[in-house]
Amino acid sequence: MEIAKSDPTNYTLPREILSLPKVEVPVDGVTGYTMQNEEKQVVFFIFEEGVSFPDHAHCEQRGMVISGEMTLEVDGQTNLYQAGDHYLVPEGTNHRAHFSQRTVLVDMSDAPDRYRSSS
């Protein structure tokens, strides 16, 4: 069995994930690949350096940073999340995010249609 290794500073997702349907994201510099069922949506995201999401709120959202880092402000409290860190944004809570470097994360929401598939 061949084990794939990658440079953590330039991490990309396995080809099986990259073959999933892409999602439409209203912010430039973001690519996402989705898996979903009737209850939840999981998106594997790649955020390029410098991407920011403005304040917004929606259903509960949780995830884990795979590589890179994310500064996440939730209801006025700011935290830095790095590889291996988990995050939670409660339903209806205002939040914003900034990515100071290329970041890969997996994100799950309780809305199966949170992001529309573009393919």
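Residues considered: A57, A97. Of these, the only one that is at pLDDT below 95 and more than 23 Å from N37 (Cβ to Cβ) is A57.
If you take the residues of the stretch 19-29 that are closer than 20 Å to Q101 by Cβ and among the hydrophobic types (A, V, I, L, M, F, W, C), which of them is surrounded by the fewest Cβ atoms within 10 Å (Cβ to Cβ)?
Our first condition is that a residue be closer than 20 Å to Q101 by Cβ; within the stretch 19-29, this holds for 25, 27-29.
The next check asks that each one be among the hydrophobic types (A, V, I, L, M, F, W, C); those that pass are 25, 27.
Numbers: V25: 18, V27: 11.
Among them, the one singled out is V27.
Residues in the stretch 102-119 that are under 21 Å from P14 (Cβ atoms) and out of contact with any Leu (no Cβ under 7 Å at 6 or more places or on another chain): R102, T103, L105, V106, D107, M108, Y115, S117, S118, S119.
Could you grab me the full set of residues in the stretch 76-119 that are among the hydroxyl-bearing types (S, T, Y) and either over 21 Å from E24 (Cβ atoms) or touching a residue at least 60 places away in the same chain (Cβ under 8 Å) (or both)? Spell out the reasoning first.
Applying the first criterion (among the hydroxyl-bearing types (S, T, Y)) to the stretch 76-119 yields 78, 81, 87, 93, 100, 103, 109, 115, 117-119.
Correct list: T78, Y81, Y87, T93, S100, S109, Y115, S117, S118, S119.
Only one of the numbered conditions (1) at pLDDT 95 or above; (2) in contact with a Gly (Cβ under 8 Å, 6 or more places away or on another chain); (3) hydroxyl-bearing (S, T, Y) is not met by Y33, and that is (2). Against the numbered list (1) without any contact (Cβ under 8 Å) to a residue 12 or more places away in the chain; (2) within 21 Å of G29 (Cα to Cα); (3) among the polar types (S, T, N, Q), T71 comes up short only at (1). Among the residues making up the stretch 13-29, those that are in a loop (DSSP other than H, G, I, E, B) and touching a strand residue (DSSP E or B) at 6+ places or on another chain (Cβ under 7 Å) are L13, L20, P21, V25, V27, G29.
The values are calculated or read from the model by the stated rules, or taken from the named source; none is laboratory data. For clarity, every value in this text was computed on a predicted model and none was experimentally measured. Note: ideal-geometry Cβ built from the backbone for every residue, glycine included; neighbour counts use all protein chains shown.
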